[in-house]
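The block underneath contains the structure these notes are about, expressed in structure tokens.
The values are calculated or read from the model by the stated rules, or taken from the named source; none is laboratory data. Keep in mind the model is a prediction, meaning the values are calculated, not measured. Quick reminder, even Gly has a Cβ in these numbers, built from the backbone with ideal geometry, and neighbours come from all protein chains shown. For the accessible areas, the whole protein counts, side chains as well, though only heavy atoms, and no ligand, DNA or RNA atoms are used. Shrake-Rupley method; radii C 1.70, N 1.55, O 1.52, S 1.80 Å.
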Amino acid sequence: MAALAAAVLVLAGCMGTNSGILSGVDTTSALGNIIGSVLGVNKVSEANLVGTWKYTAPGCAFTSDNLLAKAGGEVAAQKIKSQLLPYYQSLGIAAGNTLFTFKEDKTFSGKLAGKSISGTYTYDPQTGAINLKTLLLSMNGYVTLTTKGISLLFESQKILSVMQTLGALSGNSTISTIGEISKNYDGVRVGFELSR
């Protein structure tokens, strides 16, 4: 509880500033994510994963286990999400054309920027680790509960390879910029915020 109080105080101190990394940050959402992480309620059961999840925004989380780093990391993650949004949009990723459906038989299907994907998945609810396997690639990621649904996140370099494929298919030239963002945020997982 003392650690939680310290994290809340750090975040509260950050919320008092209106410049730098916090401009435009949804600190209420960030605080909710921090408390969820600390209390361990951010795990998604296998039964709860089953169903259709629709894209709502870019997802981002730091990989550090240090509580104070998480407090700063959640706030910084909000800033990274705002930086990723225009690049996701330029690749055509939008609420109406990006979704994932997980089935009880360990298969999944969906769309990424309107392009159909399907395959099989394995999921460990204790760690949140998920592996998505299609004919073309295999991606290891993480699923966590958020205040509005779930996050489906991947190591930044891994999601970059998916974005490069998507960019090549669409003839999009902004992928190099996403590559630069990825290099700047080592130790960050990025992906998708999803809701029912």
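Bridging of residue 43 to lysines at a Cα separation below 27 Å is possible for 54, 70, 79, 81, 103, 106, 111, 133, 148, 158, once same-chain residues fewer than 8 apart are set aside. Normalised per residue, the accessible area of region 107-162 is 50 Å², obtained with a 1.4 Å probe and no contribution from ligands, DNA or RNA.
What does the charge add up to near residue 124, with Lys and Arg as +1, Asp and Glu as -1, over the other residues with Cβ less than 13 Å from its Cβ?
Numbers: positive: 43, 106; negative: 46.
Counting the neighbours of residue 124, the net charge comes to +1.
For residue 46, the solvent-accessible surface computed with a 1.4 Å probe is close to 70 Å², ligands and nucleic acids excluded.
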